[in-house]
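The values are calculated or read from the model by the stated rules, or taken from the named source; none is laboratory data. Worth saying up front: this structure is predicted, and the values here are computed from it rather than measured. Please note: Cβ atoms are built from the backbone with ideal geometry, for glycine as well, and neighbour counts cover all protein chains shown. With ligands, DNA and RNA removed, areas are computed over all heavy atoms of the protein, side chains included. Shrake-Rupley method; radii C 1.70, N 1.55, O 1.52, S 1.80 Å.
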Amino acid sequence: MRDFAQEFKLTVKDGLRDLRYVLRSESDGASETTGPLGLIGDVAIRARGLVEQAPVVGRVADGLLREVDSVASSVLASGPAPRPGALFPRTAVALVADDGAAFTASLYGFLKYLLRTAGVRNAVVFEHAIDAARRTVIERRQGAVAEAHSDEAMLRLSAEIAVALSAERPVRRLDLPQQALPASRQLLAAPNAWTGCVIGLATAIASYRDGREVVDPADVVESATTVVTARFDRFHPAIASSQAVADLTRLFAQDVPHLP
């Protein structure tokens, strides 16, 4: 029941983010043809239609919306990109500890940071998709915390996280500026493969360096982003292959000892 409640909550939050993304993407054109009042009216009609179609869910959601009202904006609405810190990147062990208690929040923040630094200013990241990836990793990795002490096991766990994220497709929509950055073409072609590989590699770096030396989290993210962008012709086929975890683990093993 608790898992269902969490899934419902995250789905409602993601619905708000999706709506806000549409509003931000269409607001300029809509205001030219209908004006701001027309745009607001259109949103009201859509919302009323949803409630009429599912009145019970609508009433339950009404109370829930009070709790999640702060997310009624696109994930990249405005302001500077958050700095990497305690939440991300984290080690693979930390992400799967306690049934992945830190997984969803950490990687949601990580994805927002990656998209902002890649030049994206409007996007929708579905939190419930990240949580689905968490469940997949936890279910497949019984005893992962105990096994992930060796470098090989840590790299494999990082690859499993990357593959699960890519499969669940948390990045659902994004807008890119006309002045695109190097990663933009890859984001447009395969946003979840690219972000999944960067997250996996950054997690592998953080895990490998943990206890060996202190590194700036921003340097870890920058290194992972640079490597994946430069070698995406190798990373993309790896994460999409029938043996994605093994292929990605092999690529991580080639790069991690030399990074950041």
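Would segment 68-77 turn up any residue that is open to solvent by less than 20 Å² (accessible area, probe 1.4 Å) and modelled with pLDDT of 60 or more? Looking through segment 68-77, none of the residues is open to solvent by less than 20 Å² (accessible area, probe 1.4 Å) and modelled with pLDDT of 60 or more.
The residues listed here are ALA162, ALA167, ALA202; of these, the one that is in the same structural domain as ILE130 (by the TED database) and either surrounded by fewer than 21 Cβ atoms within 10 Å (Cβ to Cβ) or among the basic types (Lys, Arg) (or both) is ALA167.
To keep it simple, each residue is scored yes or no on (1) in the same structural domain as ALA193 (by the TED database); (2) surrounded by fewer than 20 Cβ atoms within 10 Å (Cβ to Cβ); (3) more than 12 Å from the chain's Cα centre (by Cα).
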residue	(1), (2), (3)
ASP99	yes, yes, yes
PHE103	yes, no, no
GLY109	yes, yes, no
LYS112	yes, yes, no
LEU115	yes, no, no
GLY119	yes, yes, yes
ASP131	yes, no, no
ARG135	yes, yes, yes
ILE138	yes, yes, yes
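Within segment 117-137, being within 20 Å of PRO217 (Cα to Cα) and in contact with a Pro (Cβ under 8 Å, 6 or more places away or on another chain) holds for one residue alone: GLY119.
Residues checked against (1) under 19 Å from ARG156 (Cα atoms); (2) open to solvent by less than 30 Å² (accessible area, probe 1.4 Å); (3) not in a helix (DSSP H, G or I):
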residue: TYR208; (1), (2), (3): yes, no, no
residue: VAL215; (1), (2), (3): no, no, yes
residue: ASP219; (1), (2), (3): no, no, no
residue: PRO237; (1), (2), (3): yes, no, no
residue: LEU248; (1), (2), (3): yes, yes, no
residue: ASP255; (1), (2), (3): yes, yes, no
